[in-house]
Amino acid sequence: MKIGIYFCNCGSNIADKISYTAVVEAAPSFPEQTYVKTVNFICSEEGRQQFEESLRMEQPDRVVVAACSPRDHEATFRGCLTNAGINSYLMQMVNIREQIAWVTEDPTVATEKAISAIRGAVYRVRLQQPLERKQLEICPDVLVIGAGPAGMKAALSFAEAGRAVVLIERTPFLGGLPVRFEDLFPSMECAPCMLEPLMGDLLHGDYPGSIELITMSELVELTGFYGNFNAKIKQNPRHVSLHKCIGCGECVAVCPAITHNEFNFSTNDRKAIDFAFAGVLPNAPFLIEDACLRSNGGNCRACKDACPLGQDVVNLEEAETVVERKIGAIVVATGARLYDASRIDGLGMGRLPDVYDSLQFERMLSSTGPTGGVIKTAAGLVPASVAIIHCVGSLDEDHVPYCSGICCQYAFKFNHLITSKLMNATITHYHRELVVPGKEAFHLFNNAVKDDNSCLKRYSDINDLTVTPDEKGRLIVRAKGDAAPADIVILCPAVIPAEGADKLSVLLDVARDSSGFFRELHGRIDAAQSTIKGVYLAGACQEPMDIRTAMLEGMASVGYTLAALQPGRIIEIEPINAEVDDTRCAGCHLCISVCSYRAISFDIEHNVSNVNAVLCHGCGTCVTACPAGAITGHHFTNEQIIAEMEGNLK
Amino acid sequence: MKDTVRFEPKIIGFLCHWCSYAGADKAGGIQGSYPHNVKIIRLMCSGRVDPLFVLSAFEKGADGVIILACHHGDCHYKEGNCRALQRHSMLSLMLAQLGIEKERCRLDYVSAGEGEKFKRLISEMVESVSILGALQLNL
């Protein structure tokens with residue numbers, strides 16, 4: 001075997017401390033047939049040319065480059081090997097600059113140390129094997145889970161980029177939580193005016209790509225990996241054909257069954273077959289099976305018979321279906337919900353009719369809500385006083401430890417809307433902390449501070465606050481020696497992950513943090529990527545956030561996906577990864593338990609573990625964990641590492 | 001005269017590519033020397049450090065081994081450094097049974113920015129192994 005050793009002087013950086021001639025003199029003591037050449041500034045254009053020419057002429061079997069840190073130029077020199085027709089994994093770098101020349105006082109000692117390190121590299125490189133990057137075709141289509149701001153933005157942008165998108169949504173409608181709002185902080189923009197064009201585009205927009213919207217659906221199974229996922233999606237029956245229904249509402253008018261309206265958080269009732277709200281998109285009603293008279297053995301078919309478009313629009317017998325879609329990447333945008341404020345008993349949530357959480361109050365403010373946008377008590381009276389309690393369950397070890405960051409802003413939005421709807425009402429904000437970040441939020445805050453009828457009171461422990469009715473039934477908010485009446489109490493609970501996040505994280509194999517939000521690959525540099533390759537995160541499924549941030553996150557997830565998942569592009573798989581030797585694997589599963597990337601699966605039929613090279617990051621933890629020594633860490637094999645030590649210690 | 005010649009131990013350093021190896025590069029970047037005794041072996045992750053590598057290092061003539069990982073929470077591979085810690089704890093028990101002082105196999109943490117800490121750890125390691133003297137294996 002012929003090993004070429006290339007020594008970079010790096011001007012005086014290396015040459016001042018390490019003697020090239022001493023390396024040349026030491027080379028005959030190295031194993032194998034070696035030659036040593038020096039190139040000044042081997043990373044420079046000229047240096048690389050010299051290096052490549054020499055490689056072509058000498059045709060070495062292995063190459064050692066003694067120069068700077070491989071963190072700087074390993075890729076550069078690998079490229080040179082490739083250009084010279086030599087497999088790029090047949091090279092080993094020795095860091096004689098940063099880790100020897102620059103840090104060793106005595107040139108003799110530095111030279112000795114460099115010779116040892118080069119000997120180590122020679123020992124190692126002769127065991128290195130040529131490795132090939134495997135290639136894999138990919139599917140450029142994308143699955144977006146959740147049709148709130150982040151998911152809608154992502155789906156639209158994918159369609160604009162010409163991609164086929166499957167957009168699945170758990171509820172019967174588009175828009176997520178904000179579709180319930182009338183006005184938005186910080187600018188008091190009209191929410192429907194902002195969302196409806198987006199939703200219209202999603203349903204009927206003219207884009208190079210396509211959007212397949214599947215409402216009332218959820219992911220039930222995911223197999224495959226980045227570039228080649230197979231998703232099974234369960235669609236619950238709407239009992240109304242989205243393709244045929246024109247949204248005239250004749251079926252709703254005749255429905256005799258009444259149930260709670262969950263869209264308004266059960267603050268009013270709806271028909272068993274009904275629209276979620278007036279103006280909902282897609283513009284079609286849906287039937288709640290449990291509320292329908294037929295669920296109790298009845299044979300009502302009033303809705304079906306009332307449909308002016310015929311008998312095949314309402315399908316009372318419709319059952320759930322499962323559809324399969326092939327996709328290359330997934331954007332998770334499942335959003336968030338509110339912490340259950342009834343868990344803080346003293347606040348009366350769920351017990352006292354005039355205590356509302358913020359989402360219920362958003363519906364009261366909405367012209368499509370239960371009161372048509374009129375603020376009134378459960379008894380129908382105009383409130384003279386309103387209490388807004390911030391930080392409900394937030395920054396609290398007994399509930400959720402974090403600040404949700406958006407509640408103060410909507411609380412001051414409420415302040416603005418209440419003062420404009422009820423001229424004389426007094427408003428008291430009970431807050432633990434105040435958070436109004438950014439360049440716009442202070443406007444609403446200032447409005448509240450300057451308003452004569454509004455005041456702020458700080459509390460330190462939510463348990464010091466109680467909401468109780470007095471003898472006349474009027475609510476009194478008590479806070480450590482202070483008592484003030486409030487005809488309506490609005491609670492601003494912590495924002496927590498949406499229902500089902502736990503189940504979805506298992507299906508996707510994506511990790512969650514201690515608060516239950518999906519965990520980012522890196523909180524700052526890769527905050528829209530999950531821990532699993534090809535699964536991206538957008539919106540409040542990651543952490544509490546406002547609409548602006550959710551939309552941006554939606555775009556970020558698109559950016560990540562489009563950058564990686566190009567139609568016709570082949571995925572190149574880094575060959576520095578792990579591989580299981582079937583004949584030695586004992587089937588103990590230990591490797592699976594230490595892999596952070598779920599890259600190892602178990603083949604039950606053959607009782608062996610399999611590493612998926614696409615998902616493997618090449619850390620080598622499983623290689624070390626395997627008690628049978630059945631896993632090879634390519635390019636970092638036991639033999640190579642031990643040989644490098646041995647050469648170094650000689 | 002012979003008594004004043006300092007014992008120069010041979011030490012193997014297993015460094016992870018992402019943090020501690022970068023920290024060692026950083027130490028080079030800020031110049032200033034540190035003891036030459038540690039021979040650095042770069043691995044992708046400290047989770048790759050097999051206790052057998054440590055035993056093999058001792059067998060092949062090393063007087064000490066230092067494993068430098070990313071700080072907890074910073075591992076490029078999420079929890080490889082936790083595995084390194086677990087294996088190091090286990091290995092320490094085994095080394096004690098073999099009569100090898102625990103100071104000869106040390107685990108510590110160096111971030112990509114901690115060039116000074118890297119220099120300090122190397123100096124400490126060399127100092128403590130120098131005091132112990134050459135490793136006598138009685139296998």
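The values are calculated or read from the model by the stated rules, or taken from the named source; none is laboratory data. In this text the structure is predicted, and so the values were computed from the model without any measurement. Backbone-built Cβ (ideal geometry, glycine too); neighbour counts: all protein chains shown.
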Of the residues in the stretch B:37-80 that are part of a strand (DSSP E or B) and within 8 Å of chain A (Cβ to nearest Cβ), the one that is surrounded by the most Cβ atoms within 10 Å (Cβ to Cβ) is B:Leu43
Pairs returned, first residue in the stretch A:605-630 that is under 19 Å from B:Gly80 (Cα atoms), second residue that is in a helix (DSSP H, G or I) and among the charged types (D, E, K, R), beta-carbon separation under 6 angstrom, 6 or more apart or interchain, are A:Gly620/B:Arg48; A:Thr621/B:Arg83; A:Thr624/B:Arg48
Residue check, A:Ala27 more than 12 Å from A:Arg97 (Cβ to Cβ) and aliphatic (A, V, I, L, M):
yes
Considering the stretch A:331-376, residues that are hydroxyl-bearing (Ser, Thr, Tyr) and crowded, with 16+ Cβ neighbours inside 10 Å, and then whichever is nearest to A:Glu397 (Cα to Cα), we arrive at A:Tyr339
Task: Any hit, the stretch B:94-109, residues being farther than 27 Å from B:Gln136 by Cα and either within 14 Å of another protein chain (Cβ to nearest Cβ) or over 14 Å from the mean Cα position of the chain (by Cα) (or both) - done: no
Exactly one of A:Leu309, A:Leu293 is without any contact (Cβ under 8 Å) to a residue 60 or more places away in the chain and either over 24 Å from A:Ile168 (Cβ atoms) or among the small types (Gly, Ala, Ser) (or both), and that residue is A:Leu293
Those residues of the stretch A:535-551 which are assigned to a helix (DSSP H, G or I), in contact (Cβ under 8 Å) with a residue 12 or more places away in the chain and more than 10 Å from the chain's Cα centre (by Cα) amount to A:Ile547, A:Ala550, A:Met551
All conditions in (1) surrounded by 15 or more Cβ atoms within 10 Å (Cβ to Cβ); (2) under 16 Å from A:Leu184 (Cα atoms); (3) over 25 Å from the mean Cα position of the chain (by Cα); (4) among the small types (Gly, Ala, Ser) are true of A:Gly405 except (3)
Taking the stretch B:24-36 and the residues there that are more than 7 Å from chain A (Cβ to nearest Cβ) and buried (at least 20 other Cβ atoms within 10 Å of the Cβ), the one that is nearest to B:Asn81 (Cα to Cα) would be B:Lys26
Per the filter on the stretch A:477-529, residues under 17 Å from A:Ala329 (Cα atoms) and either more than 15 Å from the chain's Cα centre (by Cα) or of a type in the set (S, T, N, Q) (or both) are A:Ser505, A:Gln529
Scanning the stretch A:594-608 residue by residue, those loosely packed, with under 14 Cβ neighbours inside 10 Å and in contact with a strand residue (DSSP E or B) (Cβ under 9 Å, 6 or more places away or on another chain) turn out to be A:Asp603
Sole miss for B:Ile30 among (1) within 20 Å of A:Ile100 (Cβ to Cβ); (2) at pLDDT 95 or above is condition (2)
* Kindly check whether there is at least one residue in the stretch A:56-72 that is surrounded by fewer than 20 Cβ atoms within 10 Å (Cβ to Cβ), part of a helix (DSSP H, G or I) and within 14 Å of chain B (Cβ to nearest Cβ). => yes
The residue from A:Thr21, A:Thr108, A:Thr82, A:Thr38 that alone is surrounded by fewer than 22 Cβ atoms within 10 Å (Cβ to Cβ) and under 25 Å from A:Lys134 (Cα atoms) is A:Thr82
Taking the stretch A:210-225 and keeping residues at pLDDT 90 or above and either under 19 Å from the mean Cα position of the chain (by Cα) or among the small types (Gly, Ala, Ser) (or both) leaves A:Ser210, A:Ser217, A:Glu218, A:Leu219, A:Val220, A:Glu221, A:Leu222
Exercise. Going by the conditions given, is B:Cys75 in contact (Cβ under 8 Å) with a residue 60 or more places away in the chain and either of a type in the set (Ser, Thr, Tyr) or closer than 30 Å to A:Gly523 by Cβ (or both)?
Worked result: no
Per the filter on the stretch A:83-135, residues more than 9 Å from chain B (Cβ to nearest Cβ), of a type in the set (S, T, N, Q) and within 21 Å of B:Ala22 (Cβ to Cβ) are A:Gln92
Only unsatisfied item for B:Gly113, checking (1) away from chain A (no Cβ under 12 Å); (2) in contact (Cβ under 8 Å) with a residue 24 or more places away in the chain; (3) of a type outside the set (Phe, Trp, Tyr); (4) surrounded by 14 or more Cβ atoms within 10 Å (Cβ to Cβ), is (4)
